[in-house]
Amino acid sequence: MKYILGFLATLVIFSSSAQEMSYKEWNREAKRNIRLLPKYGNQPKSDKQKQADQELIDSYIAQEGSRRKAS
């Protein structure tokens, strides 16, 4: 009985935390948001994205002291 209650509780928890977006809605959103696509939809990065990447790399290097330690 204890196992059945545990299973039912787990089932309720997982079903209540399911994705709220339908597959069609997700596809529509993926056309506007490349972060939802595998490998960002194989799209080239914009200058703004490249700049953000470089800022992140620079901050890690500054924090760790060298590229090798930051990797």
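The values are calculated or read from the model by the stated rules, or taken from the named source; none is laboratory data. Here the structure is a predicted model, which is why all the values come from computation and not from measurement. Quick reminder, even Gly has a Cβ in these numbers, built from the backbone with ideal geometry, and neighbours come from all protein chains shown.
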**Item:** Number of the exception - Tyr60 against (1) surrounded by 12 or more Cβ atoms within 10 Å (Cβ to Cβ); (2) assigned to a loop (DSSP other than H, G, I, E, B)
**Value:** (2)
**Item:** Pairs where the first residue, in the stretch 28-57, is exposed (fewer than 12 other Cβ atoms within 10 Å of the Cβ) and the second is part of a helix (DSSP H, G or I), C-beta under 6 Å, 6+ apart
**Value:** Gln43/Ile34
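Specify the residue that is surrounded by the fewest Cβ atoms within 10 Å (Cβ to Cβ); the eligible residues are those in the stretch 13-26 that are modelled with pLDDT of 65 or more and among the aliphatic types (A, V, I, L, M). Full working, then the answer.
As a first pass, look at the stretch 13-26 and keep what is modelled with pLDDT of 65 or more: 13, 20-26.
After this cut, where a residue has to be among the aliphatic types (A, V, I, L, M) as well, the list is 13, 21.
Values: Ile13: 9, Met21: 11.
Checked the stretch 13-26; the qualifying residue surrounded by the fewest Cβ atoms within 10 Å (Cβ to Cβ) is Ile13.
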